Amino acid sequence: MTPDDLGYWIKKFAIKYRSLTTRSPTILSTTEWLETCLGTTGMNWIPASSRLWIIHYSSFPGPIPSHWSTWTFWRSDASKGVFNYNLFNGNALQLKSFATTSP
């Protein structure tokens, strides 16, 4: 698959997902995978309403792919002796809104 083919497949998935759920999908990935496998042209196919759940096993979220201005969730590592943990980029009220409204 070319980056455009893969990006187009993600777009078709996003459209189908939204038609079944009324919500835009959240994309879970590393920046490296998105930039290597999709590149700029492939990421252009991803709907702008899709949120980013970035995987970066470090003490900070790391670089954000060019398609997004920020991350919605960040999956980090077990640096404190626990398994992977996920952090929401906002407060409790924003998390509730994210969980209950359609972007």
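The values are calculated or read from the model by the stated rules, or taken from the named source; none is laboratory data. All figures in this text were calculated on a predicted structure; none of them were measured in a lab. Quick reminder, even Gly has a Cβ in these numbers, built from the backbone with ideal geometry, and neighbours come from all protein chains shown. To get the accessible areas, we keep the full protein, side chains included, count just its heavy atoms, and leave off ligands, DNA and RNA. Shrake-Rupley method; radii C 1.70, N 1.55, O 1.52, S 1.80 Å.
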Inset, instruction - Note down all Cβ pairs under 7 Å where the first residue falls in the stretch 28-52 and is small (Gly, Ala, Ser), the second is open to solvent by less than 20 Å² (accessible area, probe 1.4 Å), and they're at least six residues apart or on different chains. - result: 42/7; 49/24; 50/14; 50/24; 50/25
Legend entry - Residue list for the stretch 67-86, filter: over 24 Å from residue 10 (Cβ atoms) and either of a type outside the set (Gly, Ala, Ser) or modelled with pLDDT of 95 or more (or both): 77, 80, 82, 83, 85
Legend entry - Single residue of the stretch 15-42 satisfying the filter (within 12 Å of the chain's Cα centre (by Cα) and in a loop (DSSP other than H, G, I, E, B)) that is surrounded by the fewest Cβ atoms within 10 Å (Cβ to Cβ): 30
Inset, instruction - Restricting attention to strands (runs of 3 or more DSSP E) lying wholly within the stretch 43-103, give those where 3 or more residues are surrounded by 12 or more Cβ atoms within 10 Å (Cβ to Cβ) and among the aliphatic types (A, V, I, L, M). - result: 51-55
